[in-house]
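The values are calculated or read from the model by the stated rules, or taken from the named source; none is laboratory data. Bear in mind that the values here come from a model prediction, so they are computed numbers and not experimental data. Quick reminder, even Gly has a Cβ in these numbers, built from the backbone with ideal geometry, and neighbours come from all protein chains shown. What goes into the accessible areas is simple: the full protein's heavy atoms, side chains included, and nothing from ligands, DNA or RNA. Shrake-Rupley method; radii C 1.70, N 1.55, O 1.52, S 1.80 Å.
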Amino acid sequence: MSPIRSATAALTSAVLATTLTACQFGAEEQDTSPIIVAADLELSGAGAPVGETYQRALELKAQQLNSSGALNGRRIELRVRDNRSDASESLRNVNDFGADAQVSAIIMGGCNECAVGAVGTIDDQRVPMVALAPADAIASPAMERRYVFKLAPNAPDSAEALAIELRRNQIREVGVLRSEDDFGLEGLTALQAALEKADIEVLSVGTVRATDTDVSNQVTSLIKDRPDALVLWTRAEQAGLAALAARKADFDGSLYFDASAAGNLFLGTTAQASENATMVFTQTMVIDDVIATTPAKAARRQWFQDYTARFGGYHGSSSFAADALQLIADAVLRSEGEPGKPNREGIRNVLETSQLDGLSGPIRLTPDNHSGLMPQALTTLVARNGRWRLAG
């Protein structure tokens, strides 16, 4: 054999030996297993309008992440179940998701009772969960909710923003219509505290169920005391009904919507009744009114445009679902787990210290605070010509 051929053969053998050794002794292979995220949503029943929004947002955000190349060769796979707006059905879904070792994390929809009712199971099964419902009891106290996180406007922040706006407009007396659930009670407590500091009196309080399709009796009772304004701390559907009932009863005062009343960008049949109403919500709802001076604002505008192009309109709550999926995807990539078997404890640990300038606004999670949306995310919107606009 010639010296050249001999050297070539030796080199080939060495390369082959090195390759075999790497294969045999544990050179890491790239993890291309899917990132499985489960979602328990209200796709039927009273919560369906928002639940369907969350499903659309999750599907759009998953598609964007999968095509972005940011997942290191992996893809997000959603497993969505309808809880029928029922806490018992929701708990069955959560039990099944938690028992599936392939599921990295769970996203729960806007049903407060569902999320609160699942807290014990979530922590027992040690599966990270991000809830999109606003009730404080979902994620607080954080030390007793180790695997539970929340991404929605917080009642004290919303109440404080409303009180500032009411005082600025020299409102001195209000009537309050709240949802007949724990979040409605929580909101009333926060609102009364904020209004007391602002020297604004609550003349009367009415309640409304999520299934109510007529709120005229409650509104008539509230306006009997002739308040300067009505504060509507309800879901979007009931807030719209209340606006219609108030105008039909010739109420000429102002209307103020809490963040929980946010719905579609365009007001539809309630447009005339809601004209000049004020709402506290995130800026993304009206990002087409905002100059994109930062990368975060540019991303929010792009999300607004993508969602609108896909679904023919924009719903304010969509950004919360998208941000929840982004937080989970980031946490999965930053935690170490076996291919096809996520490291739930690692995901939880990353979530607990996550910071994101998200589509909804600034998000900060800490060991002491599992409710991540910052107060700075909220701004003041006003209804003009059939849609929400940025106030000012």
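Which cross-chain or sequence-distant (5 or more) residues have an amide H under 5 Å from the amide H of A39, H modelled 1.01 Å from N in plane?
Sorted by chain and number, the residues that satisfy this are R79, V80, R81, I107.
Which of the pairs K61/K297; K150/K297; K61/K150 have their Cα atoms more than 20 Å apart in this structure?
Correct reply: K150/K297.
Using a 1.4 Å probe, what is the accessible area per residue for the chain, in Å²?
45 Å²
Taking the alpha-carbon distance from K224 and a cut-off under 16 Å, which aspartates and glutamates remain once sequence neighbours fewer than 8 residues away in the same chain are dropped?
By straight Cα distance, K224 reaches E173, E201, D250, D252.
Mind checking the log10 I(q)/I(0) for the range 176-220 at q = 0.30 Å⁻¹? Debye, one equal scatterer per Cα, no solvent, two decimals.
Cα-only, vacuum Debye calculation for the range 176-220: -1.07.
Within the range 155-257, what whole-number % of the accessible surface is contributed by carbon and sulfur, with the 1.4 Å probe and all protein chains included in the calculation?
Reported share for carbon and sulfur atoms: 44 percent.
Which value, in debye to the nearest 20, gives the size of the charge dipole of the chain about its Cα centre, when Lys and Arg are +1 and Asp and Glu are -1 at the Cβ?
In total the dipole reaches around 1100 debye.
For A391 and N217, calculate 0.36 nm times their separation in residues minus their Cα-Cα distance, and state this gained length in nm to one decimal.
59.6 nm
Evaluate the relative contact order of the range 155-257 (contact order divided by residue number), counting alpha-carbon pairs under 8 angstrom at least 6 apart; express in whole percent.
31 percent
On the principal axes of its Cα set, how long, how wide and how thick is the range 264-318? Give whole Å, largest value first.
36, 24, 16
Report the GluC sites (Glu not before Pro) located in the range 283-388 that are in a DSSP loop and have at most 16 other Cβ atoms inside 10 Å of their Cβ, or state none.
Details: sites: E336, E345, E352; in loops: E336, E352.
Answer in residue order: E336.
Taking every DSSP beta bridge that has both residues in the range 246-392, what percent is antiparallel when rounded to the nearest 5?
Bridges in the range 246-392 that DSSP calls antiparallel: roughly 90 percent.
Could you tell me the calculated FRET efficiency between N169 and R79, based on Cβ-Cβ distance and R0 = 41 angstrom, to the nearest 0.05?
Once the sixth-power term is evaluated, E becomes 0.30.
Per residue and in cubic angstrom, what volume does the convex hull of the Cα atoms of the range 155-257 have?
About 77 Å³ per residue, rounded to a whole number.
For the chain, what's the relative contact order in percent, using C-alpha pairs closer than 8 Å and at least 6 residues apart?
16 percent
Taking R0 as 22 Å, what's the FRET efficiency between R126 and R334 from their Cβ-Cβ distance, rounded to 0.05?
That gives a FRET efficiency of 0.75.
Net charge around R167, counting only other residues with Cβ within less than 13 Å of its Cβ (Lys, Arg = +1; Asp, Glu = -1)?
Taking every Cβ under 13 Å from that of R167, the sum is -4.
Which Cα, out of L222, T284, A198, lies furthest along the positive dipole direction of the range 187-304 (beta carbon charges, K/R +1, D/E -1)?
T284
Could you tell me what percent of the DSSP beta bridges with both partners in the chain are antiparallel, to the nearest 5?
30 percent
In deg cm²/dmol and to the nearest 500, what is the mean residue ellipticity at 222 nm of the chain if only DSSP H runs of at least 4 residues count, each as -39500 (n - 2.57), divided by the residue total?
Working: 12 runs with 167 residues, N = 392.
Estimated from H runs of four or more residues: -13500 deg cm²/dmol.
For Rg and Dmax of the Cα atoms in Å, the choices are (i) 24.8, 108; (ii) 19.8, 63; (iii) 21.3, 68; which was calculated from the structure?
(i)
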